[in-house]
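Working notes, structure below.
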Amino acid sequence: MTSTFLPDRRSGPDVELPPPSAAFARGRARRRLLNWLTAVGFQVPALVLFIGLVLLPMLFALYAAFFRWGGFGMPSDYTGTDNFTRLFKDPVFLGDLWRCLVLVVLSLALQLPFALAMAVALNQRLRGRAVYRMLFFAPYVLSEAITGVLFSMVFAPDDGLADHVLGGIGLDGLGGEWFADPSYVMATLFLVMTWKYFGFHMMLYLAGLQSIPAELTEAALIDGANAWQRFRNVTLPLLAPTLRISVFLSVIGSIQLFDLVWVVTQGGPDHHSETMAVTMFQYGFKRYQVGYASAISVVMFGICLVFALAYQRFVLRRDLEGATTTMRGDGK
Amino acid sequence: MGDRALSRRGFLAASAAAGMGVTALSACGGDSDGGSSDGTTTVEWWNISTTEPAKTVWAGLAKKFEAQNPKVKLKIVQLENDAYKSKMTALTASGKLPDIFHTWGGGVLKQQVDAGLVEDVTDRTKPWVDGLLSVAKAPYILDDRTYAIPFDIGMVGFWYNKALFKQAGVSTPPTTWSGFLDAVKKLRAKGITPLALAGKEKWPGMYYWAYLAMRTAGLDALQKASDDKDFTGAGFVEAGQHLKELVQLHPFQKGFLGAAYSTPTGQAASVGNGKAAMELMGQWAPAVEADAGKGLGKNLGFFPFPAVEGGKGVITEVFGGGGGHALRKGAPQAAVDFLKFFASETTDIQLVKKTGVLPVVPAAESAITDPNTKAVQAQLKGATGFQLFLDQAYAPAVGQEVNDSVAALIAGSKSPEQVTQSITKTAKEEQ
Amino acid sequence: MTRKTKDVRTLPLHVALVAVGALMVVPLVYAALSGFKSTDELSRNAFGLPEHWLTGNYTDILGSGDFWRLLGNSTLIAVATTVLVVAVSALAAFSFARFAFRGRELMFTFFTMGLMFPFAVAALPLFLLLRYLDLLDNPLGVILPQAAYGLPMTIIILRGFFRQIPGELEEAATLDGCSPFGFFWRVLLPMARPALGTVSVLAVVTSWNNFFLPLLVFTDNTWWTLPIGVQQFQGQYSAEYARVFAYLVLAMVPALAFYSVAERQLVGGLTAGATKG
């Protein structure tokens, strides 16, 4: 895809182009260099911030993963890959990996479609639309701290709001120990997660929906398409780029999940709701085994990276190819 | 058209304002660094007394100290418990601790001492430190050198609801383990929840195992296990078995695995609202019960952890801990003076009277009015042995492993043997 | 289509929305109500109306100078972070979306790596770095890292939106003699209002609730932000939960207010007739 700012891609009245010659070839190379410089130039501020404040600490943590380090002074006790072997033998960590997968699948299957449905519903002219949007987004604004205390009270066994409500509508048997029950804690946690985060995705979709020109859906309406057909054939394809971003962020977010779990269950009961990030925090900040914690973060990073690369290759590639028609490959 | 222009203008205005605001204010931010100007020394004092009444009382004491020492200015930095711990971790990593800082003694203090960050105050405090209660000083003495001075001491015991006990037919608090299990069964028979436990936080559960280990294996064995990094002795396995016995009676409140300690639906609130009959907790229990729940007032009683028949420990051995202040290496003399001030009899009387803590200066016990506090104080005074909270006494990793393993035992996923094995494994790794 | 049929058709929709809305709102109402109770009432009468409406919790907080200072700090830091991250990200995202250059996808993956690393582990080295740069007790010590960590998400979202701007516009701009930056500033940005609004809201909310970084950076309480303030209601063994609820509800209000304002901008962007040029 060549930027349109190269002078040799002008359209309109005929412009006399110099004949192909060595000078022209040099000029072209220079223009490509200029193109590259401009492109990178736009990136400089981001690069400076990113490399300085994100990459450097990350590299340090990567380095620390190969040591046994308590956080005092500099890492000095080199242990090679010991931390990693210990990690993959730890039943708690292996459980973390499984729970991570469960969360990712649940989020993609339930949370995202729900957010999409709400976004579509709230994109129309509807009475009280602004109020609904604010209400649905409000949980995201709430800090994890209050969410934690709030829901531990909502889901308190017998006394909690959840049990009260269930009792009130006659579904007594459904209530259980919620967070205290090792078998159901993940399900309860997922409910809280959805409550808190679906507003984020809804917002993304709303912005995406609003970028879709109204004429297209109107045209489909005139052609006699019903609501579902309009959605499937017009809205969904045009919303696809946004959906792809949302899925990407959701998966990465699920892998990194920490704040909410920590405040609500601290990974309990008996590690049944622990995520990799919670384990990492335990070892890093409570047990002062920072090297081991760094190893966990390296593994988390690795998983995210593999996912991101695969996602870019197979999913986002479609965005690259047919995005807009005037974009052509280099030198064409 | 108007919209676009407005939004961009708004954007530019906002960024300009923010930019100016930040540069202007950052210019006046952060300049003091404990340096002295015109002879005044500024001493930083970091503590965790963020709630009343301690907050106001301590501020008042700081003013009093400044009045007595005109050339000294005390700068107080107050953080809540967990935030404090996180911040201290970061500071320790960076190698510079505050002048005076709160410490719980034991393993973490040891790590800080080993890193060369803490001042050894043995010699400078010798003249007056002997007057303090010996159990109070214990957590802060490492290798016979003193690294911090206590201001608070306490112990863990059973806090119980007298009315509920009477209702179940338990006439006097049990003094033996079998008597205790009996009492639990009687309470359950009457439909009363015998014990409240904050399963989520893990440390309340650890109290049971620690006391049982003290009572079965004995204090010396516990100390030896810590030194040798080996907890696999028979006494420790027995302790776990006793705990398992208790757990199998289902004595805890519904949903205890997810309960926190001080939240409105937690352990303290359960007892404070009369829903559970007992909790094994430290000397702060009455205050928290009244905070989180209604509080039991005169109905609240205290009895020490029972003795285990055939065990090596005795009922007068005490498990607990408190708070103290340590100094960073190279802290000014004013900081040492502050330690003396805070541990003086007058100060301690103030603390006991107004904040309800237990005295570290024996003479200050006259200021205690609350009967439950008196009962705890009596136990402390008559203590024949002392063990600091395990998750503070040991290196942090080991302490956490104890909490985790015992929680697993209570949840039913680890056996008593496995508990001792994991703790030993972690202790050995930590060398 | 008569008015009646339209209303009837949207009725099930309304019911569904109200149901979901109720689920969303009940915990919030609960939090607000709890602020009016005393802490021990929270355990006895958790879900009913307060026995006595204790306005003390709310008024104490609003009356203390501390709260307003914390509020101001949080606002300043949030605004500065947002402006910085959105500006820097927009430039980078523009480059990713509209230019072809060697190593583009590689660099994009490079930025997305920032999302994949848990902040807590980077916290300790970051703290040491900030200390070295003498940025502790300085708002920039929070603003710069927050912006840096916000870059990946913001760039990802903005790139997606920038790509959707039709190429004809770009060609037209070139014909008019527009430089790349000119196109960026005068055409692309105004058209990407929904996206810019979205990422701004996300940046503000993330900054608003960020607790760990300000805790590490600020020792002096001059610059403390709201989330740190709430910690001060909690002690070693117990917490004044009613005050915590009151505080957190009050702390939430500005962020929500910002969202409702920004939201209107999103709608405004639509009606400005983006594609009609």
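Look at the stretch A:282-292: the mean tally of other chain Cβ atoms within 10 Å of its residues' Cβ atoms is 6. Any idea what angle helix A:22-50 forms with the longest principal axis of chain A, computed on alpha-carbon atoms, 0 to 90 degrees, nearest 10? For A:22-50 against chain A, the angle is about 20 degrees.
Note on the stretch A:111-187: Cα-only Rg and Dmax are 15.9, 44 Å. A simple packing score, the average count of other Cβ atoms within 10 Å per residue, orders the peptides B:173-180, C:219-226 as C:219-226, B:173-180, with the highest score first.
Taking every residue in C:174-184 and counting other chain Cβ atoms within 10 Å of its Cβ, the average works out to 3. With everything on Cα atoms, drop me the angle between helix A:236-256 and the longest principal axis of chain A, reported from 0 to 90° to the nearest 10. Orientation of helix A:236-256: about 40 degrees from the principal axis. For B:W284, neighbours were defined as the other residues whose beta-carbon sits under 11 Å from its Cβ, and their charges (Lys and Arg +1, Asp and Glu -1) total -3. Sorted from longest to shortest, the spans of the Cα atoms of the stretch A:79-322 along the three principal axes equal 67, 53, 27 Å. When +1 charges are put on Lys and Arg Cβ atoms and -1 charges on Asp and Glu Cβ atoms, the dipole computed for chain A relative to its Cα centre reaches about 1660 debye.
The Cβ shell under 12 Å around C:F218 holds other residues with a net charge of -1, Lys and Arg each +1, Asp and Glu each -1.
log10 I(q)/I(0), Debye, Cα-only the protein assembly as shown, no solvent, q = 0.05, 0.06, 0.07 Å⁻¹? The calculated log intensity ratios at q = 0.05, 0.06, 0.07 Å⁻¹ are -0.35, -0.50, -0.67.
Secondary-structure-derived ellipticity at 222 nm for the protein assembly as shown, considering helices only, amounts to -19000 deg cm²/dmol, per-run term -39500 (n - 2.57) for DSSP H runs with n ≥ 4. Placing +1 on the Cβ of every Lys and Arg and -1 on the Cβ of every Asp and Glu, with no other charges, gives chain C a dipole of roughly 980 debye about its Cα centre.
Around C:G48, what is the net charge, scoring Lys/Arg as +1 and Asp/Glu as -1 over all other residues with Cβ under 11 Å from its Cβ? With Lys, Arg at +1 and Asp, Glu at -1, the neighbours total 0. Taking every residue in B:276-289 and counting other chain Cβ atoms within 10 Å of its Cβ, the average works out to 1.
Antiparallel DSSP bridges in the protein assembly as shown: what percent, to the nearest 5?
In the protein assembly as shown, approximately 60 percent of DSSP beta bridges are antiparallel ones.
Angle of helix C:241-271 to the longest C-alpha principal axis of chain C, folded into 0 to 90 degrees and rounded to 10: 20°. Expressed per residue, the C-alpha convex hull volume of the stretch B:288-431 stands at 187 Å³.
Using only Cα atoms, figure out Rg for chain B and give it as a multiple of 2.2 N^0.38 Å.
Taking N as the residue count of chain B, the ratio is 1.11.
Given +1 at the Cβ of Lys and Arg, -1 at the Cβ of Asp and Glu and no other charges, the dipole of the protein assembly as shown around its Cα centre is 2840 debye to the nearest 20.
Indicate the gyration tensor shape class of the stretch B:271-330 (rounded, prolate or oblate), computed on the Cα atoms with a ≥ b ≥ c the square roots of the eigenvalues: a/c under 1.5 is rounded; otherwise a/b larger than b/c is prolate and the rest oblate. Note, shape of the stretch B:271-330 comes out oblate. Quick check: Cα centre of the stretch C:60-125 to Cα centre of the stretch B:321-400, how many Å? Each part's Cα centre sits 45 Å from the other's. Listed by number, the DSSP H helices of chain B that run 24 Å or longer by alpha-carbon position along their axis and have mean Kyte hydropathy of at least 0.5 are B:2-28. Overall shape: oblate for chain C, with the ratio a/c of the largest to smallest alpha carbon gyration tensor axis at 1.5 or above and b/c at least equal to a/b. Beta-bridge orientation, chain B: approximately 60 percent antiparallel, per DSSP, counting only bridges with both partners inside. Of the residues C:W208, C:G167, C:G65, the one whose Cα sits farthest toward the positive end of the charge dipole of chain C, with +1 on the Cβ of Lys and Arg and -1 on the Cβ of Asp and Glu, is C:G167. In the stretch A:79-322, taking the dipole from charged Cβ atoms about the Cα centre, the farthest positive-side position among A:L108, A:T217, A:G128 is held by A:T217.
A short reminder: the numbers here are calculations on the coordinates, not readings from a lab. Nothing here was measured: the structure is a model prediction, and the numbers come from that model. All Cβ positions, glycine included, derive from the backbone under ideal geometry; neighbour counts span all protein chains shown.
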